[in-house]
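The values are calculated or read from the model by the stated rules, or taken from the named source; none is laboratory data. Worth saying up front: this structure is predicted, and the values here are computed from it rather than measured. Note that each Cβ is placed from the backbone with ideal geometry, even for glycine, and that neighbours are counted across all protein chains shown.
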Amino acid sequence: MCYNGIRQSFALFERRIATVFIPRYHNEQTDLLMDALLQLKTPEEAYRFLEDVLTVQELKSITQRLEVAVMLRRKVTYQEIAHQTGASTATISRVNRALQYGADGYTLVLDRLEAQQK
């Protein structure tokens, strides 16, 4: 194989590696949680499960972060996001970091939600 062929093969290999996701926190309990979430079929089922699993404050925090992510993608300023959602600038910054450098979970979900609304 010539040098260019090796270089092209390596570039393809690098792209494949970049798409593999390895969670930062992974064990049998988190696997069980992910499997449980994937069993939910309707919004009502999701509400039922999350009300049992999360405290009211945990649920509010998660929903607030999702709302912040939506607003950040719409290029809303930190000040306006804080005013509309009540989120601290630290929370907004954390969500922004996740959008920019995270595991692409927000992007995956927000892209699908946007596609569903069209």
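Structure values in brief
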read-out	value
Members of segment 37-74 that are surrounded by fewer than 14 Cβ atoms within 10 Å (Cβ to Cβ) and in contact with a Leu (Cβ under 7 Å, 6 or more places away or on another chain)	A46
Output for segment 46-101, where each listed residue is over 19 Å from E114 (Cβ atoms) and in contact with a Gly (Cβ under 8 Å, 6 or more places away or on another chain)	Q64
Residue satisfying all of: in segment 92-118; more than 20 Å from S61 (Cβ to Cβ) and of a type in the set (D, E, K, R); surrounded by the fewest Cβ atoms within 10 Å (Cβ to Cβ) among these	K118
Qualifying position, being outside the structural domain of T107 (by TED's automatic domain parsing) and under 16 Å from V109 (Cβ atoms), among M71, M34	M34
Hits in segment 70-109 - residues which are farther than 26 Å from L38 by Cβ and among the small types (G, A, S)	A82, G86, A87, S88, A90, S93
